[in-house]
Amino acid sequence: MESEANKILDEVTQGDYKYGFVTDIDTEFAPIGLSEDTIRYISGKKNEPQFMLDFRLKAYKHWLTLSQPHWAHLNISPINFQDIIFYAAPKKKKELSSLDEVDPELLATFNKLGISLDEQKKLAGVSGVAVDAVIDSVSVKTTFSETLSKHGIIFCSFSEAVQNHPDLVKQYMGSVVPYTDNYFAALNSAVFSDGSFCFIPKGVRCPMELSTYFRINAANTGQFERTLIVAEEGAYVSYMEGCTAPQRDENQLHAAIVEIVAMKDASVKYSTVQNWYPGDKNGRGGIYNFVTKRGICKGSHSKISWTQVETGSAITWKYPSCILLGDHSVGEFYSVAVTNNHQQADTGTKMMHLGKNTRSTIISKGISAGKSNNSYRGLVRISKNAVNSRNYSQCDSLLLGAKCGAHTYPYIQVDNKSSIVEHEATTSKISEDQLFYCQQRGISNESAIGLIVNGYAKEVLKQLPMEFAVEAQKLLSISLEGSVG
Amino acid sequence: MLLQIKNLHAGINGKEILRGVNLEVNQGEVHAIMGPNGTGKSTLASVIAGREVFDVTAGEILYQGKNLQKLSIEDRAREGIFLGFQYPVEIPGVSITNFMRTAVNEVRKYKGLDPLPGGDFLRLMEEKKKLVEITSNLTNRSVNEGFSGGEKKKNEIFQMAMLEPMLAILDETDSGLDIDALRIVANGVNKLRRPDNAFVVITHYQRLLDYIVPDFVHVLFEGKIVKSGGKELALELEEKGYDWIKKEQE
């Protein structure tokens, strides 16, 4: 019976990665390796103002003083930064003024990924999604910018924001994640190439979902993107992020920064479906995903909500966090992290309660299969002044098979007596009883596992915008294909 | 003949539980299997359904002339075998609607049919819910999660109605039921009886058989069917208990 279970497990967890293709596009690269020259090259390519170059160089000098952190429950092969290309951009013949001028190969790539860059198609639907498509180091197209600008909303690539809105960039860039924050944040600050910029002015409710789609295409290339979202007083925006990469034997580095600023009464919902190439079933290749995501609830009654579905990457190191500075501000973190084969994930959140009556909720669902390791790491800190604050944390782990690991590392620090912190944790397996019950109704093993896993993750999946939820459900089943037991 | 069990021996972890069971079930019949605790009633049901923890060591089970041991659990179900569980398991976060839709469509796929369109499926659910007298909100809840004993058993009968099996085995469906729930469960079974299907009702007490009238009653004792008769055998057992059967065996 044990061997039967293992056999089924193997079948379900060995599905193939469906986004592993490479697009043949003409690409220009920065010289391989990292030095001050690389940074000057990137900044020069982007025709950046002096303040940006200065920021990058300061970050680089700081990074040189740091060493890679090893506190996470991850086994990381050494990264040789001199073997990585830090900038790769699809060559373009001239400035793009319409979709017709985007390289058809690129359009085909995004269509293949199920992302339409064609505004007309989206307009026909009930609700549109504005997309910023980033391939390797640059943004190739942002849709709906004009429609959004009528509401005063700025949604463009980070590079464009540097050119067109330097004051806003100067004001907010690094204000939530300073370049001194950590090793990978310093690296990103030095070499980041593109990403998205969103600015929602006072009182505006963004009329459509904003979305950035990241794709690594070129070999030996790292992707270092940076996203900045600012919601002014009373503003609302829902933002989604998706990502995939070709199947390659070597590991590729992805080190991103996301910063969110929410002013008084503002609300930002940030959803991620992370599906970077996870490596093959023997653990060869895959993306190293080191990401610093943090939001600050600056004004009172503001809210930041993170939802993530993490199924990809060989290594995930990521803790989307909230600084709850404004009184009555709210932070939320909903996460499903799936690891299979040799994948490793160390992910969670930090909720820093600084304002009075602040509230935070953490719902984390880990699913481990194969020989993978899945860790939740979270910090809840309630400062002395954050009186009457509340946190509720729930960390559940689901194990498929006997060779995987699930770990929970909660850190809780409460410095006043009027606050309440609750933490619940469970570990479970898909039981033989559940599988038998499903099979007795005619449901195959694979479907049964898909059903059970999606049911387990439901609390998180229901937080996702409609456009993402169906995709995420399918992805969960696919990620575990060949792994049930 | 729908089901033919010949000299079935089966057990778990090397321990023999069924020691030569013989049973024949024809279309249109209702059979009751009774007997004291621990004599193999639930094991027999599990073995017919194909549960892998049990090993069949001798004998055979023929279903519609096919050797069942060559079929997987899900294929047995798709061929029309339904097991009503004594202790239905909880599946958190999976609504009954979603669960049943998956089941119905996998059975259809096996039979070479297209999936049932959403509207048709919902209409089918409404019809079957009415048939087995269950309320709407039950099917919106997660499968068996937080259900009372009665709700779990009603859910089993509802699923049986949805899947329209040829052979339904109800494993102590009456255990833990109050009289109203018992009546609803029994009514459901009676409404689903057809000349072309059959029921095997496993029960401890004669009480259920007041509502589901069997054509045959069998007594399973120490892994064998030791006595068979008509519905009056159940009444005799109710009156005298199982001791006289034990004595007969000694």
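The values are calculated or read from the model by the stated rules, or taken from the named source; none is laboratory data. Here the structure is a predicted model, which means the values were calculated and not measured. Reconstructed Cβ throughout: ideal geometry from the backbone, glycine too, with neighbour counts over all protein chains shown.
Here is a check on your reading of the model: is A:ALA88 at pLDDT below 90 and under 15 Å from A:SER159 (Cα atoms)?
Answer is yes for this residue.
Among the numbered criteria (1) buried (at least 17 other Cβ atoms within 10 Å of the Cβ); (2) out of contact with any helix residue (DSSP H, G or I) (no Cβ under 6 Å at 6 or more places or on another chain), which single criterion is violated by A:VAL169?
Here A:VAL169 clears every test but (2).
Check off (1) farther than 20 Å from B:ARG193 by Cα; (2) surrounded by 21 or more Cβ atoms within 10 Å (Cβ to Cβ); (3) within 13 Å of chain A (Cβ to nearest Cβ) for B:PHE158 and give me the number that stays unchecked.
(1)
When segment A:331-367 is examined, which residues are found to be modelled with pLDDT under 95, farther than 27 Å from A:SER77 by Cβ and polar (S, T, N, Q)?
none
Take segment A:370-388 and flag every residue that is free of Cβ contacts under 8 Å to residues at least 60 places away in the same chain and either of a type in the set (Gly, Ala, Ser) or in contact with a Gly (Cβ under 6 Å, 6 or more places away or on another chain) (or both).
A:SER372, A:ASN374, A:TYR376, A:GLY378, A:SER383
When the residues of segment B:106-123 are narrowed to those that are at pLDDT 95 or above and in contact with a Leu (Cβ under 8 Å, 6 or more places away or on another chain), which ends up nearest to B:LYS153 (Cα to Cα)?
B:VAL107
So which pairs qualify, if the first residue must be in segment B:10-26 and farther than 21 Å from B:VAL200 by Cβ, the second must be among the polar types (S, T, N, Q), the Cβ gap must be under 8 Å, and the two must be at least 6 apart or on different chains?
That search, which allows pairs on different chains as well, returns B:GLU16/B:THR57.
Identify the single condition in (1) of a type outside the set (A, V, I, L, M, F, W, C); (2) at pLDDT 85 or above; (3) surrounded by fewer than 16 Cβ atoms within 10 Å (Cβ to Cβ) that A:LYS474 does not satisfy, given that it satisfies every other one.
It fails just one condition, (2).
Each row is one residue, and each column tells you yes or no for (1) surrounded by 24 or more Cβ atoms within 10 Å (Cβ to Cβ); (2) part of a strand (DSSP E or B); (3) over 11 Å from the mean Cα position of the chain (by Cα); (4) not aliphatic (A, V, I, L, M).
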residue	(1), (2), (3), (4)
A:THR292	yes, yes, no, yes
A:TRP306	yes, yes, no, yes
A:HIS328	no, no, yes, yes
A:VAL338	yes, yes, yes, no
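Hey, could you check segment A:340-359 for residues that are in a strand (DSSP E or B) and small (Gly, Ala, Ser) and say which is surrounded by the fewest Cβ atoms within 10 Å (Cβ to Cβ)?
The qualifying residue surrounded by the fewest Cβ atoms within 10 Å (Cβ to Cβ) is A:GLY348.
So which of B:ILE96, B:ILE169, B:ILE81 is buried (at least 22 other Cβ atoms within 10 Å of the Cβ), in contact (Cβ under 8 Å) with a residue 12 or more places away in the chain and in contact with a Lys or Arg (Cβ under 7 Å, 6 or more places away or on another chain)?
On inspection, the qualifying residue turns out to be B:ILE96.
Could you list, in sequence order, all residues of segment A:31-68 that are part of a loop (DSSP other than H, G, I, E, B), in contact (Cβ under 8 Å) with a residue 60 or more places away in the chain and over 23 Å from A:PRO166 (Cα atoms)?
A:ILE32, A:LEU34, A:LEU66, A:SER67, A:GLN68
Could you figure out which of (1) in a strand (DSSP E or B); (2) aromatic (Phe, Trp, Tyr); (3) free of Cβ contacts under 8 Å to residues at least 60 places away in the same chain isn't true of A:TYR409?
Evaluating A:TYR409 over (1) in a strand (DSSP E or B); (2) aromatic (Phe, Trp, Tyr); (3) free of Cβ contacts under 8 Å to residues at least 60 places away in the same chain leaves (3) as the failure.
Residues checked against (1) under 20 Å from B:GLN86 (Cβ atoms); (2) touching a strand residue (DSSP E or B) at 6+ places or on another chain (Cβ under 8 Å); (3) modelled with pLDDT under 95; (4) exposed (fewer than 15 other Cβ atoms within 10 Å of the Cβ):
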residue	(1), (2), (3), (4)
B:LEU3	yes, yes, no, no
B:LYS6	no, yes, no, yes
B:ASN13	no, no, yes, yes
B:GLN27	no, yes, no, no
B:HIS31	yes, yes, no, no
B:ASN37	yes, no, yes, yes
B:GLY40	yes, yes, yes, no
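Could you check segment A:432-460 and list, in sequence order, the residues that are touching a helix residue (DSSP H, G or I) at 6+ places or on another chain (Cβ under 9 Å) and of a type in the set (Ser, Thr, Tyr)?
Once the filter is applied, which keeps residues that are touching a helix residue (DSSP H, G or I) at 6+ places or on another chain (Cβ under 9 Å) and of a type in the set (Ser, Thr, Tyr), segment A:432-460 yields A:TYR437, A:SER444, A:SER447.
Going by the conditions given, is A:ALA345 closer than 25 Å to A:SER477 by Cβ and within 16 Å of the chain's Cα centre (by Cα)?
yes
Within segment A:380-411, work out how many residues are at pLDDT below 95, closer than 14 Å to A:GLY348 by Cα and among the hydrophobic types (A, V, I, L, M, F, W, C).
Going through segment A:380-411 one residue at a time, the tally reaches 2.
Each row is one residue, and each column tells you yes or no for (1) modelled with pLDDT of 90 or more; (2) in a loop (DSSP other than H, G, I, E, B); (3) acidic (Asp, Glu).
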| site | (1), (2), (3) |
| --- | --- |
| B:GLU156 | yes, no, yes |
| B:GLN159 | yes, no, no |
| B:ILE169 | yes, no, no |
| B:ARG183 | no, no, no |
| B:GLY188 | no, no, no |
| B:ARG194 | yes, yes, no |
| B:HIS204 | no, yes, no |
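In this structure, does A:TYR409 turn out to be of a type in the set (Phe, Trp, Tyr) and more than 14 Å from chain B (Cβ to nearest Cβ)?
It is true that A:TYR409 is of a type in the set (Phe, Trp, Tyr) and more than 14 Å from chain B (Cβ to nearest Cβ).
Residue by residue through segment B:122-144, note down the ones that are exposed (fewer than 15 other Cβ atoms within 10 Å of the Cβ) and either within 14 Å of another protein chain (Cβ to nearest Cβ) or not in a helix (DSSP H, G or I) (or both).
Of everything in segment B:122-144, those that are exposed (fewer than 15 other Cβ atoms within 10 Å of the Cβ) and either within 14 Å of another protein chain (Cβ to nearest Cβ) or not in a helix (DSSP H, G or I) (or both) turn out to be B:THR135, B:ASN140.
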